[in-house]
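Take a look at the structure set out below.
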Amino acid sequence: MIRLIILLLIPVIINTGCGNENDMITPPPPGETYYKIITAENGNFKFEVWTTNNDTLMTGYNKVGFRVFENGAAKTSGYVKFYAKMFHFTSTDFHATPVEPQYNYNSELGMFTGYIIMLMPSDTTSRWYAYYNYNNEFSVDSAQFDVGWDYKTKFKIFTDLGAELSYLITVVSPVDPVRGLNDFNCLLHESPDFVDFTQVNTAAMYLRPRLDSLNHTSSGNMNPVYSGNGIYWGKVNFDYSGGWKLYDSIYYNNRLITQNGTPYIYFQVP
């Protein structure tokens, strides 16, 4: 049985939420606005987590940046690593969630940037705890943080029974699909146990959209190909309004990893 041991050897101070203009960063146009949502401190070390569009991390894909300080001085080189585990109070088991393998410094934003994918919201029976590391020089451990529920979240878990591995497809876009051609961006992760996740960058994906109400499959779709930063990029054509199932047959390591049932993501198109 896997156990989560939360060690608080040195007091850790956690603050969440946005307060004033100092908690916002807007890069040059057409950039997005980042909001500071978490501060984790341990002695002279401080980590800040920033994200776009929300005042907290949400289920699904989150674009994030980290700011790191030692004795009040900001770090502008090296890297950040971040891990998150959810502990359920009614059990000794825990699970993790996919994150960027390594967050590198983005000089335009002044942050170490990447993504965090949250699989579940926090509630009264379960909590998320984070581990922050800067360049293997210092860290903050077992810092609690909250996750909200995003009803637009779209991801799918499936299993390759022959390889005894689970996979997670996470949709980045479209968030609000429209009739016609849409960008389709997604990430793919592999896990043997939902504790360790590996970002998969070399899969071959084949999309098939289907509108069951009309027994219809659209044309003009583009199969996703890996474009960097963990993301596969393609296009999907929802040429009618209605409820679409977007199926994805995936090959990886010379295997059809969707052989036990082709996963699909559901989109309601106005």
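What the table below lists for this structure:
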{"quantity": "Residue within the range 53-62 that is of a type in the set (A, V, I, L, M), modelled with pLDDT of 95 or more, within 21 Å of L168 (Cβ to Cβ) and not assigned by TED's automatic domain parsing to the domain that holds F194 present", "calculated": "yes"}
{"quantity": "Some residue of the range 221-237 being loosely packed, with under 15 Cβ neighbours inside 10 Å, in contact (Cβ under 8 Å) with a residue 12 or more places away in the chain and farther than 22 Å from K63 by Cα", "calculated": "yes"}
{"quantity": "Residues satisfying the stated conditions in the range 165-185, i.e. touching a residue at least 60 places away in the same chain (Cβ under 8 Å) and either outside the structural domain of A204 (by TED's automatic domain parsing) or not β-branched (V, I, T) (or both)", "calculated": "L165, Y167, L168, P174, P177, R179, F184"}
{"quantity": "Matching residues, the range 109-125, being within 17 Å of V80 (Cα to Cα) and part of a loop (DSSP other than H, G, I, E, B)", "calculated": "L109, G110"}
{"quantity": "Residue pairs meeting the criteria (Cβ under 9 Å; at least 6 apart or on separate chains; first of a type in the set (S, T, Y), in the range 78-99; second surrounded by fewer than 15 Cβ atoms within 10 Å (Cβ to Cβ) and at pLDDT below 95)", "calculated": "T90/T125; S91/M1; T92/M1; T92/I2; T92/R3"}
{"quantity": "Check on N215, in the same structural domain as Y247 (by TED's automatic domain parsing), closer than 28 Å to G243 by Cα, without any contact (Cβ under 8 Å) to a residue 12 or more places away in the chain and not hydroxyl-bearing (S, T, Y)", "calculated": "yes"}
{"quantity": "Lone qualifier among G243, G234, G230 - being under 26 Å from V64 (Cα atoms), part of a strand (DSSP E or B) and at pLDDT 95 or above", "calculated": "G234"}
{"quantity": "Any chance T198 is in contact with a strand residue (DSSP E or B) (Cβ under 8 Å, 6 or more places away or on another chain), free of Cβ contacts under 8 Å to residues at least 12 places away in the same chain and surrounded by fewer than 16 Cβ atoms within 10 Å (Cβ to Cβ)", "calculated": "yes"}
{"quantity": "Count of the range 126-138 residues which are exposed (fewer than 14 other Cβ atoms within 10 Å of the Cβ) and in a strand (DSSP E or B)", "calculated": "0"}
{"quantity": "Residue within the range 73-95 that is basic (K, R) and either assigned to a loop (DSSP other than H, G, I, E, B) or more than 20 Å from T198 (Cα to Cα) (or both) present", "calculated": "yes"}
{"quantity": "Residue check, N260 assigned by TED's automatic domain parsing to the domain that holds C186 and either within 22 Å of the chain's Cα centre (by Cα) or surrounded by fewer than 15 Cβ atoms within 10 Å (Cβ to Cβ) (or both)", "calculated": "yes"}
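This table checks each residue for (1) hydroxyl-bearing (S, T, Y); (2) modelled with pLDDT of 95 or more; (3) touching a strand residue (DSSP E or B) at 6+ places or on another chain (Cβ under 7 Å).
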| site | (1), (2), (3) |
| --- | --- |
| T33 | yes, no, yes |
| I38 | no, yes, yes |
| G43 | no, yes, no |
| F47 | no, yes, yes |
| T51 | yes, yes, yes |
| F66 | no, yes, yes |
| M86 | no, yes, yes |
| A96 | no, yes, yes |
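Residue-wise test of (1) touching a Pro at 6+ places or on another chain (Cβ under 9 Å); (2) surrounded by fewer than 22 Cβ atoms within 10 Å (Cβ to Cβ); (3) in contact (Cβ under 8 Å) with a residue 12 or more places away in the chain.
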residue: Y35; (1), (2), (3): no, yes, yes
residue: G43; (1), (2), (3): yes, yes, yes
residue: F47; (1), (2), (3): no, no, yes
residue: M58; (1), (2), (3): yes, yes, yes
residue: N62; (1), (2), (3): no, no, yes
residue: R67; (1), (2), (3): no, yes, yes
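The values are calculated or read from the model by the stated rules, or taken from the named source; none is laboratory data. The structure presented is a predicted model; accordingly, all values stated were derived computationally and were not measured. Because the Cβ atoms are built from the backbone with ideal geometry, glycine has one as well, and the counts that use them run over all protein chains shown.
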